[in-house]
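> Have a look at this one.
The values are calculated or read from the model by the stated rules, or taken from the named source; none is laboratory data. Note that this is a predicted model, so its numbers are computed, not measured. Glycine gets a Cβ as well: all are built from the backbone with ideal geometry, and neighbour counts include every protein chain shown.
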């Protein structure tokens, strides 16, 4: 089969590989019909993710059709249309029992990282019963790809951790795909203000279409002052960090209200300053999280009941044999205006 | 009346002052029968608390007898024995309605800070109905002084924010009075492990009598390794920071388990490093808090039902005219082994 | 001034009364600009509410302009436009501190019940600081009247108690004004299914415009079967009782899923059967509640941010001197199709 | 092997049966070393549990040693000492994912009910990975038997559902084994009052040794009045029903405070009256639950850290071939003073 292979820092190729087989009774083999590229794939390609070694098939998102199942798989059978979770979960370990699937003793984010991933014609899914979800008949499978990673990430790490509540004020720093996913899913909880902060005017403009009630361009270094003005000098109840650099985490500390929450989504490569000298008495909660995909069943329900429409996140479409073009488009988002690129079998 | 006055960095004196009077209908004047000294008073004396200006009567803890009440006070009358909360609360503003009394629009921690405090014969208590608590008949008023600040601080900032739960593992960094207050109140929730960490062997020894299940002397720089060994390499569910310096906050980051909480109690004078480069995916919650004393009614109930015994925190006793000696004893705790010093009228 | 007086079972009149005055420092006198009639007013008129004695001015909803304030009122001054909460709260007692204002030691639902109410030119509001809310400039004061009682009631007793959550299934039994208020506010939490159940086809039709995703006419006695079909035989996560008779509470027990919630809003005059013989092992939660109006600040924010539009609940308008006609219209809702009648000064 | 067989209403026998074998890859066969008898076994013997048909081996509690495991079992191997949960859980279905194992699509309470149980030399445990727990080395295996059912039942259905909190007032109606299990586990949360109510003076006396702060003999019909006196006329924050008849549920309705919770544990055979005519405005929460054993891992931790000591619940001991005597002793508890009878292999 064809697969997109990580070959070491800044090197990748579309290569021929043997089809994967069942290696444990709880495995399933899924024929990929749609996949996509994540910002994390770009991190890997920069050489920043040491758990991912050269030779690895990338990708941790996708939908497909079950091809084979191991003898221990009870919830799926060949022919089933399935959503693949970016996180694999045994369902039995201490962390899985508390729904913290991201830290499953034998799972977590392993797809396209420590085991081969979804940017291929077929993929082996370990712990299939807990790591796949049936796609309801008639559901839009393009939209469904957004539920592998980006929507649960925005929802769990940003919105749930950020305790977004009806009437509350929310600022999201970073209007990239994951920031937009937080913006979309924040609206499940009817916040009063949804302020989007970014350097890119085009993304800010776009965010209004996704439901932002206000936007702030942080290019002039006055973003904190702008947010304070919009919130009567109190700051926001929830500040969501969706970039992953010290400057944006710093901004979150400047704009969060007493009693508020900073919910970090960004993947950070460096430590940040935490200003406890002025925040120790501010009654804050600061959270970090690798997505658990524990909210995937809920997201599926909201998708089916049309309360969630992630389709507009898909800006470009490619066939699988054009996946190198897809990477090119996605990696140059500032120029191409790409959010998520859909790659079809 | 006699009062302990802050006269500027490193200067204090016991001076004669006029008795306070009612200035707002919601005020009460309380005759102090017992007060104590807090670590924060020492901070003020170092000149580290800019809101507290020279000339101020110090002190934000105590019990006493109501002497006068304003026309708007409905819950208390002269002669009532009362516990004074270190935090004043109007009960009406947005923050008070969510029980975040520490950030009351016209209150918060003002006693012995921006208004005169309790280290005097009489004190004016603003918002008296919300800031005083009736002392049940027959209650031990010495023990009650511990409920003005230290016990709610340990409980709310450490234990509640730290989400201490039955069977869970807890480490408390800092075995001073507030760390011990966290240790005592953590036991309301039946944790499985209560590990106390400090540099002072005597305090560690003492903490065993207060309920620690294990102690770690961090003097050798191996505290993190010791905690990991005690927790099967997982780290603790809750790490409580009760010192207020970068090194101890760093230690908390090293020992907290995935999915765990770091609850900061310490008053920090400097920023700290937050290692998001390795914590971004650890599903942590980091909290800060100025005590709200919202749990004071509960603490009163546990005291009356003998589930809480804070009396052993009191190591020394003084008469009010010996208050300078009391400061001396409290400021040299390493030598005097002082935890809390009780100062009686 | 003119006022609507309850004169005993089935008797009422529009009479001349003296204007109320300040009787406690925490009182305010409010000139009523808009009020409305509640189903509870009809209960009183039937003689079903023993705490309300003949001679009482009815009414517990309204907006107006502050005319006078007592010396202890700090949050309002004459001329302020205010929303009147149907529940009065001292803010200081044990129940108020836990935001259970409905059971305030000296407040609760007393307006138009044990003290004179809002269906008059002026009303005295006790505990004014906690029982009035400032109306933001430019807000629609007609819509605001819906926030005195009906919207917080639907939201708190139905939606919050019912733990309505994104993607969840909800059935509301009773499509009267309070059932519709639950329907409207349930949408803050993005439920997947919102099934409205009633006997009146016109109200069911109307409920679709308010956001119901499905309707069931219970006239044929097959409502439970219909709901089970709509929920794959599981029943609903949340069943909201908004009628107040044994038959509708019975229906809720038939349609609630294992692990679900029955949230009672209805005012019941008789005991009901609780089928513990088949529900003891169903992991249910059954709640009752008198509205606390603790969510009023949040509702104000959602109203101002246009996430809440209660205006369509107002079906009829009257001037205050037509209030007897308003009662006539409201009492004959089946014929008049009245939901809420707005009565303007 | 020998097994205790239900032969129809009021009939049971100790009979020879073939040893069970693996029937699904997720099964384990456990050699029973200790088991016990539950009140539910007596219900079955009266013919009150239609899901349990004649011919069934009874018993859903016990500890033992793994004898065989299916190919899909990953967490256990022959020789492991294990605690058997009374509830079997697949871990994968919708209800298991929310930890409502009691309503597992292919599990729940099936042992000794719809499949053969633990009162035998060997038992087949379906979904073994999720339904067994490793017994820590050195743990007291007698005490451990109390964790199969009675302790999680008292804790989850009574204490957790009842939201027992520090300082709160709790009344437990019924001082039988499950009421005592609630009493024991309530103390994890430091309640201020723990009032035990029963008709049997000996059990009330015993309950004091298990931590009751007060007892009420309900024989004189004045129990409600007694509880109101003990709670300053407010009633209790939590009323736990641990009997299962209308009279005791009625009592709970009389003694629960506004804003309180009635947590039902009792297995009811008849409907009860719910007095909504006086409770609709009392802000109550009434819960039902079949134990999920989701708190078993926590209970194991508290047992190992000596915060939980269930051993005194064991009043009698028998060898397995004396199991009919054990039933006799347990069924005549009023005379024998039996709480739990331990049956050893």
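> Output yes when any residue across the stretch B:164-174 is in contact (Cβ under 8 Å) with a residue 60 or more places away in the chain and under 25 Å from residue B:28 (Cβ atoms), and no when none is.
Looking for residues that are in contact (Cβ under 8 Å) with a residue 60 or more places away in the chain and under 25 Å from residue B:28 (Cβ atoms), one finds none in the stretch B:164-174, hence no.
> Let me ask something additional. How about the stretch D:71-99: which of its residues are within 20 Å of the chain's Cα centre (by Cα), more than 8 Å from chain A (Cβ to nearest Cβ) and assigned to a loop (DSSP other than H, G, I, E, B)?
The answer is D:85, D:86, D:87, D:89.
> What tally of residues in the stretch B:263-276 results from selecting those that are within 23 Å of residue B:160 (Cα to Cα) and in contact (Cβ under 8 Å) with a residue 60 or more places away in the chain?
5
> Out of D:117, D:108, I need the residue that is under 18 Å from residue D:60 (Cβ atoms) and more than 15 Å from the chain's Cα centre (by Cα). Which one?
Checking each option against the conditions leaves just D:117.
> Can you give me the number of residues within the stretch D:302-321 that are at pLDDT 95 or above and over 23 Å from residue D:176 (Cα atoms)?
Total satisfying the criteria: 3.
> Taking only pairs six or more apart or across chains, which ones have beta-carbon atoms under 7 Å, a first residue in the stretch A:327-345 that is over 19 Å from residue A:2 (Cα atoms), and a second residue that is assigned to a loop (DSSP other than H, G, I, E, B)?
Every condition considered, the pairs that remain are A:329/A:338; A:330/A:37; A:330/A:338; A:334/A:200; A:340/A:146.
Let's see how each residue does on (1) crowded, with 24+ Cβ neighbours inside 10 Å; (2) part of a helix (DSSP H, G or I):
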| position | (1), (2) |
| --- | --- |
| A:117 | yes, no |
| A:129 | no, yes |
| A:138 | no, no |
| A:142 | no, yes |
| A:157 | yes, yes |
| A:179 | yes, yes |
| A:191 | yes, no |
| A:196 | yes, no |
| A:205 | no, yes |
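> Quick one: count up the residues across the stretch A:101-131 that are touching a helix residue (DSSP H, G or I) at 6+ places or on another chain (Cβ under 8 Å) and at positive phi.
The qualifying residues number 2.
> So for the stretch A:316-323 (the condition being more than 14 Å from chain C (Cβ to nearest Cβ), touching a residue at least 60 places away in the same chain (Cβ under 8 Å), buried (at least 19 other Cβ atoms within 10 Å of the Cβ) and more than 30 Å from residue A:274 (Cα to Cα)), does at least one residue qualify? Give the steps one after another, and end with the answer.
Start the filter on the stretch A:316-323 by keeping residues that are more than 14 Å from chain C (Cβ to nearest Cβ), which leaves A:316-323.
Still in the list and also touching a residue at least 60 places away in the same chain (Cβ under 8 Å): A:320-321, A:323.
Filter once more, so that each one left must be buried (at least 19 other Cβ atoms within 10 Å of the Cβ): A:320, A:323.
Narrowing further to those that are more than 30 Å from residue A:274 (Cα to Cα): A:320, A:323.
The answer is yes, given that some residue of the stretch A:316-323 is more than 14 Å from chain C (Cβ to nearest Cβ), touching a residue at least 60 places away in the same chain (Cβ under 8 Å), buried (at least 19 other Cβ atoms within 10 Å of the Cβ) and more than 30 Å from residue A:274 (Cα to Cα).
> Answer yes or no as to whether residue D:23 is touching a strand residue (DSSP E or B) at 6+ places or on another chain (Cβ under 8 Å) and in contact (Cβ under 8 Å) with a residue 24 or more places away in the chain.
yes
> Same structure again: Tell me, which helices (runs of 4 or more DSSP H) lie completely within the stretch D:242-322 with 3 or more residues that are closer than 25 Å to residue D:119 by Cα and in contact with a strand residue (DSSP E or B) (Cβ under 9 Å, 6 or more places away or on another chain)?
D:296-304
> Pick from A:134, A:152: which is at negative phi and touching a strand residue (DSSP E or B) at 6+ places or on another chain (Cβ under 8 Å)?
On the way: A:152 fails: touching a strand residue (DSSP E or B) at 6+ places or on another chain (Cβ under 8 Å).
None of the others qualify; the one that does is A:134.
> Looking at C:304, C:285, can you tell me which residue is within 14 Å of chain A (Cβ to nearest Cβ) and either over 20 Å from the mean Cα position of the chain (by Cα) or more than 26 Å from residue C:167 (Cβ to Cβ) (or both)?
Within the list C:304, C:285, the selection yields C:304.
> All but one of (1) away from every other protein chain (no Cβ under 14 Å); (2) in contact (Cβ under 8 Å) with a residue 12 or more places away in the chain; (3) out of contact with any helix residue (DSSP H, G or I) (no Cβ under 8 Å at 6 or more places or on another chain); (4) assigned to a loop (DSSP other than H, G, I, E, B) hold for residue D:51; which doesn't?
(1)
> Out of B:147, B:180, B:199, I need the residue that is within 24 Å of residue B:103 (Cβ to Cβ) and in contact with a helix residue (DSSP H, G or I) (Cβ under 9 Å, 6 or more places away or on another chain). Which one? First the steps, then the outcome.
Values: B:180 fails: within 24 Å of residue B:103 (Cβ to Cβ); B:199 fails: within 24 Å of residue B:103 (Cβ to Cβ).
Among B:147, B:180, B:199, only B:147 is within 24 Å of residue B:103 (Cβ to Cβ) and in contact with a helix residue (DSSP H, G or I) (Cβ under 9 Å, 6 or more places away or on another chain).
> Still on this structure, please answer the following. Residue by residue through the stretch C:288-301, note down the ones that are under 25 Å from residue D:258 (Cβ atoms), at the interface with chain A (Cβ under 10 Å from one of its Cβ atoms) and in contact (Cβ under 8 Å) with a residue 12 or more places away in the chain.
C:295, C:297, C:299, listed by residue number.
> Looking at (1) within 22 Å of residue B:300 (Cα to Cα); (2) surrounded by 23 or more Cβ atoms within 10 Å (Cβ to Cβ), which is the only condition residue D:233 fails?
Condition not satisfied by residue D:233: (2).
> Another question, then. Condition first: surrounded by fewer than 24 Cβ atoms within 10 Å (Cβ to Cβ) and within 16 Å of residue A:182 (Cβ to Cβ). Now tell me which residues in the stretch A:261-284 satisfy that.
A:267
> Can you find, within the stretch B:232-241, the residue that is nearest to the other protein chains (Cβ to nearest Cβ) among those that are part of a strand (DSSP E or B) and touching a helix residue (DSSP H, G or I) at 6+ places or on another chain (Cβ under 9 Å)?
Selected residue: B:241.
> Okay, next question. Give the stretch C:3-32 a look and list any residue that's part of a strand (DSSP E or B), surrounded by fewer than 23 Cβ atoms within 10 Å (Cβ to Cβ) and touching a helix residue (DSSP H, G or I) at 6+ places or on another chain (Cβ under 7 Å), or say none.
C:12, C:14, listed by residue number.
> Additional query: Being surrounded by 24 or more Cβ atoms within 10 Å (Cβ to Cβ), within 12 Å of chain B (Cβ to nearest Cβ), in contact with a strand residue (DSSP E or B) (Cβ under 8 Å, 6 or more places away or on another chain) and not in a strand (DSSP E or B) is the requirement here; does residue D:170 meet it?
no
> Among the residues that make up the stretch C:149-163, is at least one of them within 14 Å of chain A (Cβ to nearest Cβ) and farther than 28 Å from residue C:333 by Cβ?
yes
> Sticking with this one: Inspect the stretch B:328-340 for any residue being surrounded by fewer than 23 Cβ atoms within 10 Å (Cβ to Cβ) and within 14 Å of chain D (Cβ to nearest Cβ) and give the result as yes or no.
no
> For residues in the stretch B:100-113 being assigned to a loop (DSSP other than H, G, I, E, B) and touching a strand residue (DSSP E or B) at 6+ places or on another chain (Cβ under 9 Å), which is surrounded by the fewest Cβ atoms within 10 Å (Cβ to Cβ)?
Top of the filtered list is B:106.
> Quickly run through the stretch B:251-272 and pick out the residues that are at the interface with another protein chain (Cβ under 10 Å from one of its Cβ atoms) and out of contact with any helix residue (DSSP H, G or I) (no Cβ under 8 Å at 6 or more places or on another chain).
B:257, B:261, listed by residue number.
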